[in-house]
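The values are calculated or read from the model by the stated rules, or taken from the named source; none is laboratory data. Quick caveat, the model's predicted, so the values are computed rather than measured. Using ideal geometry, Cβ is built from the backbone for each residue, glycine included, and neighbour counts are taken over all protein chains shown. Areas reflect the complete protein model, heavy atoms only, side chains present, ligands, DNA and RNA absent. Shrake-Rupley method; radii C 1.70, N 1.55, O 1.52, S 1.80 Å.
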Number of protein chains: 2
Amino acid sequence: MRDFYPEDMVLRNRIFDAWRSAATASGFEPYDACVVESLELLKRKAGEEIVNQIYAFQDKSGRDIALRAEMTPTLARMVAARQGSLRMPVKWYTIAQCFRYERMTRGRKREHYQLNLDIVGEESVAGEAEVLYTAIAALRAMGVPDEAYKVRLSNRALLSELLLSLHVEEKFHAGAFIALDKKGKIPREEIEQILREEGLTDEACAAAFNLMDIRTLEEAEQIAGADSPAIRRIRELFDLLECYGIRDQAVFDISVVRGLSYYTGIVFEAFDTKGEFRAIFGGGRYDNLLTAVGGKPASAVGLGFGDVVIGEIIQALQLPDVRPQQEKILVGYMHDEQRAAATRLTAHLRGEGRIADLRLRPQKPKAFFSLASETATAAVFIGPDDVASGKARLKDLAARTERDIPLV
Amino acid sequence: MRDFYPEDMVLRNRIFDAWRSAATASGFEPYDACVVESLELLKRKAGEEIVNQIYAFQDKSGRDIALRAEMTPTLARMVAARQGSLRMPVKWYTIAQCFRYERMTRGRKREHYQLNLDIVGEESVAGEAEVLYTAIAALRAMGVPDEAYKVRLSNRALLSELLLSLHVEEKFHAGAFIALDKKGKIPREEIEQILREEGLTDEACAAAFNLMDIRTLEEAEQIAGADSPAIRRIRELFDLLECYGIRDQAVFDISVVRGLSYYTGIVFEAFDTKGEFRAIFGGGRYDNLLTAVGGKPASAVGLGFGDVVIGEIIQALQLPDVRPQQEKILVGYMHDEQRAAATRLTAHLRGEGRIADLRLRPQKPKAFFSLASETATAAVFIGPDDVASGKARLKDLAARTERDIPLV
């Protein structure tokens, strides 16, 4: 579990501020829910992989509760509860802390924060385009250059079409997705073993595995056919990304499947260009989650964007700070006799909407200005003469200018 | 546990934004830590009352962990861990979610958010003044009028002096504080019973109880003596509050003791003027907490300000909104053929730093403008003629004006 000291909050605020401003600029509305959820809800929709990682426990009255591992089940629960009265499409965002009980590695911690963007109730690929645009706008707001990452995208519906063309029955597809998602992560033999357990013949198994070697949409089209709805959808998405000015950020990559079982259509993951880190963000379309939590059918698209990987990338790239330095005035005084004047001035400056930090005890000028140069952009130091004259000097520490300000 | 729908986030953001802006304006630095803490840390410093309310559980490896009930033990842990390198005084704030396992009543929920302001390493009463000023600045930023609340303040050191003058030994004082804090909450007989169990004689017991009837600082001075350091400290605080322009917000009230065992000096609680709600915020000076968590001695003052009570008060007072309405442009289009133009325009507007929400499917003008009037401040609707002419009309929905903007 992480502690955030003020020095750590600089990076965290850079990420959170960019998330918030990009989501707001795109018209997403904020929502939130408690980090404690019912274990049953989390289990009902998560893939097997996640269930084993849920931070579950019992409360004092014996109820099974858990710290959420992801936000999507909670989102689905909240939308389903008010599906009759909410204006569709729902277009919501949150920054949610999520927990996973797993071995800690680079890019993975027991807890992390995650921007969640979801659009519920809109079937068209305009939903995918809108969440992708917003995540990329957030990366740009953080100062991450476009060359630093790519969004790899595919369509589970395409994989389904391809499996059907290989005579793999639809009922085996969900299991095949989970297995194929593991390509490159576990040995080929183990994946084939899983596929066989899912009911695939040896032949279908090998064919399914070879699908992962498709490199271009054109190659996929040769198998799926020129009229493939899944490919048309991918092309439509690329056209929209062009309109958004982010077409070059995205590539087709059939190996993107996503580990979670609830995706049904377009899926995507963003990676750093050098391939040194885990996924920056990921998501896709999920059509059956609302009904799984008791709601009416609704097509939805979602995106999760964690703070850990992007934080590591920002630090590795040594990106310059993006936030304009805020004015911060340090106010100090020489003797107890000037404390009242320093306090009144500080309250006056704050009342004007300025940031003013007050030294809480008398200080020598040298020590005061040494501290000011490290912690502030401007400084006022009040001595006996200042109180007598009714004014003090406000020094701009960067510009090395100063001007009189009246004591109040 | 609470869900926050977008409509609920309006009030929550009003509170959180005011907390953040007031803390920042006063030069407090942000920090944060995980909501999961070691149970042992939380127990080591909390009063008995809180220990029974801690949301405790075991993780999968059998460690005793808990959802924090308050932030102060975590703050003390973090400061103690870096006490040698941190610049003193530490002046930090956080907005922390806290959990208490207790019966839910008005103003009390199983979880709430709490602004925490702490200053560690400054003994003078300037610390108390600074946290009180900042909490009041936050109330003002929320639009809460000064007449709506009062800060009641006292000094546990004064109560100690008074108990000593009644020949109650110092070792009984902590127990006496806890008991006296319950005045008005449980019957007098029960409090006297607790005091007797704490070792007070019947006589001392009655005397201690009567201390709670002291109404003014002058009355207290008659018992404690004219040279009482505790009273001098209260007067000094009032003088500083005068300098901050918040003197009228505070009154002396000897009955303010605070339930937590770690306070050692000035203590305070803010209540609505009509006395209809629980405390808005509370806090005080704690001098022994750093050593309790393994740190070096350091005097500290802290303040906790929850979101539940102030939210109820803002709603009960029906205070007008304080946030200026942000411009929000709704972009729509008539047919699929105008989707690209609408998407490009939306990305362009967002790139200019404006908030632009895009309709994700074609719409009739009437339905579009009806929605825009409910959800936006401005609107652009793109039809075939607009694409042909290369420009569209941006309508300001409040001013009922419009102007051409080029399509991109």
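Each row is one residue, and each column tells you yes or no for (1) more than 16 Å from B:Val301 (Cβ to Cβ); (2) acidic (Asp, Glu).
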{"position": "B:Ser61", "(1), (2)": "yes, no"}
{"position": "B:Asp64", "(1), (2)": "yes, yes"}
{"position": "B:Gln83", "(1), (2)": "yes, no"}
{"position": "B:His112", "(1), (2)": "yes, no"}
{"position": "B:Leu132", "(1), (2)": "no, no"}
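Would you check if there is a residue in region A:210-217 being in a helix (DSSP H, G or I) and at pLDDT 85 or above? Yes: region A:210-217 contains one or more residues that are in a helix (DSSP H, G or I) and at pLDDT 85 or above. Within region B:5-16, none of the residues are closer than 28 Å to B:Ala298 by Cβ, buried (at least 21 other Cβ atoms within 10 Å of the Cβ) and more than 7 Å from every other protein chain (Cβ to nearest Cβ).
Within region B:133-152, can one find any residue that is over 22 Å from the mean Cα position of the chain (by Cα), within 25 Å of B:Ile231 (Cα to Cα) and polar (S, T, N, Q)?
If we filter region B:133-152 for residues that are over 22 Å from the mean Cα position of the chain (by Cα), which is where we start, we get none.
Taking every residue of region B:133-152 in turn, none turns out to be over 22 Å from the mean Cα position of the chain (by Cα), within 25 Å of B:Ile231 (Cα to Cα) and polar (S, T, N, Q).
Scanning region B:215-224 for residues that are open to solvent by 10 Å² or more (accessible area, probe 1.4 Å), under 13 Å from B:Leu162 (Cα atoms) and touching a residue at least 12 places away in the same chain (Cβ under 8 Å) turns up B:Leu217, B:Ile223, B:Ala224. Does A:Gln193 satisfy the condition of being surrounded by 13 or more Cβ atoms within 10 Å (Cβ to Cβ) and within 27 Å of the chain's Cα centre (by Cα)? The answer is no for A:Gln193.
When region B:20-43 is filtered for residues that are within 7 Å of chain A (Cβ to nearest Cβ), in contact (Cβ under 8 Å) with a residue 12 or more places away in the chain and among the hydrophobic types (A, V, I, L, M, F, W, C), the ones remaining, listed by number, are B:Ala25, B:Ala33, B:Val35, B:Val36.
Here A:Glu337 clears all of (1) outside any loop (DSSP other than H, G, I, E, B); (2) surrounded by fewer than 24 Cβ atoms within 10 Å (Cβ to Cβ); (3) within 9 Å of another protein chain (Cβ to nearest Cβ) except the condition numbered (3).
Would you check if there is a residue in region B:246-254 being part of a helix (DSSP H, G or I) and open to solvent by less than 30 Å² (accessible area, probe 1.4 Å)? Write out each step before concluding.
We begin by selecting, within region B:246-254, every residue part of a helix (DSSP H, G or I); these are B:247-249.
The next check asks that each one be open to solvent by less than 30 Å² (accessible area, probe 1.4 Å); those that pass are B:249.
Within region B:246-254 (the criterion being part of a helix (DSSP H, G or I) and open to solvent by less than 30 Å² (accessible area, probe 1.4 Å)), the answer is yes, since at least one residue qualifies.
Scanning region A:225-239 for residues that are without any contact (Cβ under 8 Å) to a residue 40 or more places away in the chain and either surrounded by 14 or more Cβ atoms within 10 Å (Cβ to Cβ) or assigned to a helix (DSSP H, G or I) (or both) yields A:Arg232, A:Arg235, A:Phe238, A:Asp239.
Screening A:Ala208 against (1) surrounded by 17 or more Cβ atoms within 10 Å (Cβ to Cβ); (2) without any contact (Cβ under 8 Å) to a residue 24 or more places away in the chain leaves a single unmet condition, (2). With respect to the conditions (1) open to solvent by less than 50 Å² (accessible area, probe 1.4 Å); (2) at the interface with another protein chain (Cβ under 7 Å from one of its Cβ atoms); (3) modelled with pLDDT under 90, A:Gly47 falls short on a single one, namely (2).
Being among the basic types (Lys, Arg) and facing another protein chain (nearest Cβ under 10 Å) is the filter here, so list the residues in region B:318-334 that pass it.
Initial filter on region B:318-334 (among the basic types (Lys, Arg)): B:323, B:328.
The answer is B:Lys328, and nothing else.
Each row is one residue, and each column tells you yes or no for (1) out of contact with any helix residue (DSSP H, G or I) (no Cβ under 6 Å at 6 or more places or on another chain); (2) loosely packed, with under 13 Cβ neighbours inside 10 Å; (3) more than 14 Å from chain A (Cβ to nearest Cβ).
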site	(1), (2), (3)
B:Gly304	yes, no, yes
B:Glu312	yes, no, yes
B:Ala316	yes, no, yes
B:Arg350	no, no, no
B:Ala356	no, no, no
B:Arg359	yes, no, no
B:Gln363	yes, no, no
B:Lys366	yes, yes, yes
B:Ser370	yes, yes, no
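Does B:Phe277 meet the test of being among the hydrophobic types (A, V, I, L, M, F, W, C), in a loop (DSSP other than H, G, I, E, B) and either out of contact with any Gly (no Cβ under 6 Å at 6 or more places or on another chain) or away from every other protein chain (no Cβ under 14 Å) (or both)? Yes; evaluated as a whole, the condition is true for this residue. Evaluating B:Gly295 against the criteria (1) within 30 Å of B:Arg235 (Cβ to Cβ); (2) open to solvent by less than 50 Å² (accessible area, probe 1.4 Å); (3) more than 14 Å from every other protein chain (Cβ to nearest Cβ); (4) out of contact with any Ser or Thr (no Cβ under 9 Å at 6 or more places or on another chain) leaves one unmet condition, (1).
Here B:Val308 passes the criteria (1) within 30 Å of B:Ile280 (Cβ to Cβ); (2) touching a Ser or Thr at 6+ places or on another chain (Cβ under 8 Å); (3) part of a helix (DSSP H, G or I) except the one numbered (2). In the set (1) over 24 Å from B:Leu217 (Cα atoms); (2) open to solvent by 20 Å² or more (accessible area, probe 1.4 Å); (3) outside any helix (DSSP H, G or I); (4) not charged (D, E, K, R), B:Leu260 fails one condition alone, (1).
Per-residue answers, yes or no, for (1) at the interface with chain A (Cβ under 9 Å from one of its Cβ atoms); (2) assigned to a loop (DSSP other than H, G, I, E, B); (3) touching a strand residue (DSSP E or B) at 6+ places or on another chain (Cβ under 8 Å); (4) of a type in the set (Ser, Thr, Tyr):
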position	(1), (2), (3), (4)
B:Phe57	yes, no, yes, no
B:Pro73	no, no, yes, no
B:Gln83	no, yes, no, no
B:Tyr93	no, no, yes, yes
B:His112	no, no, yes, no
B:Leu115	no, no, yes, no
B:Gly143	no, yes, no, no
B:Val151	no, no, yes, no
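Restricting region B:277-289 to residues that are surrounded by fewer than 23 Cβ atoms within 10 Å (Cβ to Cβ) and in contact (Cβ under 8 Å) with a residue 24 or more places away in the chain leaves a set whose member that is farthest from B:Ala174 (Cα to Cα) is B:Phe277.
Looking only at region B:363-408, which residues are in a loop (DSSP other than H, G, I, E, B), within 45 Å of the chain's Cα centre (by Cα) and under 19 Å from A:Met88 (Cα atoms)? Selection gives B:Gln363, B:Ala376.
Where residues in region A:372-401 are away from chain B (no Cβ under 14 Å) and charged (D, E, K, R), which of them is farthest from B:Ala23 (Cα to Cα)? Explain how you work it out, then say what you get.
Step one: of region A:372-401, the residues away from chain B (no Cβ under 14 Å) are A:381, A:383-386, A:388-401.
With the extra rule that they be charged (D, E, K, R), the set shrinks to A:385-386, A:391, A:393, A:395-396, A:400.
On the way: A:Asp385: 31, A:Asp386: 28, A:Lys391: 27, A:Arg393: 25, A:Lys395: 23, A:Asp396: 22, A:Arg400: 27 Å.
Among those residues, the one meeting the criterion is A:Asp385.
Only a single item in (1) at pLDDT 85 or above; (2) out of contact with any strand residue (DSSP E or B) (no Cβ under 7 Å at 6 or more places or on another chain); (3) surrounded by 15 or more Cβ atoms within 10 Å (Cβ to Cβ); (4) closer than 22 Å to A:Asn288 by Cα is not met by A:Glu242, and it is number (4).
Among the residues that make up region A:89-99, is at least one of them more than 30 Å from A:Ile313 (Cα to Cα) and surrounded by fewer than 22 Cβ atoms within 10 Å (Cβ to Cβ)? Give the steps one after another, and end with the answer.
Here is the first cut: in region A:89-99, the ones more than 30 Å from A:Ile313 (Cα to Cα) are A:89-90.
With the extra rule that they be surrounded by fewer than 22 Cβ atoms within 10 Å (Cβ to Cβ), the set shrinks to none.
No, the conditions are met nowhere in region A:89-99.
One residue is enough: does region B:154-170 have a residue meeting the conditions at pLDDT 95 or above and either within 30 Å of B:Arg20 (Cα to Cα) or not in a helix (DSSP H, G or I) (or both)? Yes, that holds for at least one residue.
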